[in-house]
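For reference, the structure is listed below as structure tokens.
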Amino acid sequence: MVYIEYIKNAFRSQLRYRLNWSMHLFGNFITVYFQICLWNALLESRKGVVTLNYMLNYILASAMIQSLILTNTVSIINSKVGSGQIAMDFIKPIRFRLYVFCESVGNSLFSLVFTYLPVTILITVIYKSYEFWKNIDLFFIASVCLGMYLYFSIAYCLGLTCFWRAQTWILERFLNDVVGLF
């Protein structure tokens with residue numbers, strides 16, 4: 001199928017920029033480590049039901065969801081409209097929405113495999129928290145996939161506003177901040 005090849009191409013194009021990948025890996029590790037330190041400091045002051053192990057599972061789950069869901073769909077569409085490449089994409093015998101979706105899925109899979117999994121494995125080994133891997137079930141995977149599609153649909157609609165607005169980076173930033181907040 002043609003769309004599988006678009007996913008592979010997006011994955012391979014992300015793989016070519018090794019410095020970008022290593023900086024994302026380092027940034028994700030620092031982000032997760034700071035969150036662990038923050039929760040550790042907050043939980044030491046209060047003794048309650050919530051433990052560091054429980055919060056570690058939450059941090060790893062939210063990092064996985066963030067690595068899968070947050071894509072650059074708006075900037076992909078904006079760059080295609082700005083360069084005029086979108087005219088060539090409309091001529092192709094494929095659906096533009098599915099093409100952009102496949103590119104987003106390829107980028108998300110790259111982010112999951114090369115930036116999220118190494119950080120998660122390292123944090124799991126350091127803190128000896130293996131419960132996170134036990135809690136992943138079919139409903140969790142299905143809800144993450146549906147969340148990916150929902151985020152893509154919203155980002156795609158915002159990306160299409162670049163036909164009327166010159167730059168849409170502020171809309172993408174707003175969407176990512178709202179998703180990060182909730």
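Observations, loosely collected:
- So residue 115, is it in contact with a Gly (Cβ under 9 Å, 6 or more places away or on another chain) and within 20 Å of residue 25 (Cα to Cα): yes
- Residues in the range 95-122 that are more than 12 Å from residue 71 (Cα to Cα) and surrounded by 21 or more Cβ atoms within 10 Å (Cβ to Cβ): 115, 116, 119, 120.
- The set of residues from the range 123-179 being under 15 Å from residue 67 (Cβ atoms) and either surrounded by 11 or more Cβ atoms within 10 Å (Cβ to Cβ) or in contact with a Lys or Arg (Cβ under 9 Å, 6 or more places away or on another chain) (or both) comprises 123, 132, 136, 140, 144, 145, 147, 148, 151, 152, 176, 179.
- Some residue of the range 82-94 being touching a Cys at 6+ places or on another chain (Cβ under 9 Å), surrounded by fewer than 20 Cβ atoms within 10 Å (Cβ to Cβ), assigned to a helix (DSSP H, G or I) and in contact (Cβ under 8 Å) with a residue 40 or more places away in the chain: yes
Quick note: the coordinates plus some simple rules give every number you see, no bench work behind them. The structure displayed is predicted, hence computed values, not measured ones. Quick reminder, even Gly has a Cβ in these numbers, built from the backbone with ideal geometry, and neighbours come from all protein chains shown.
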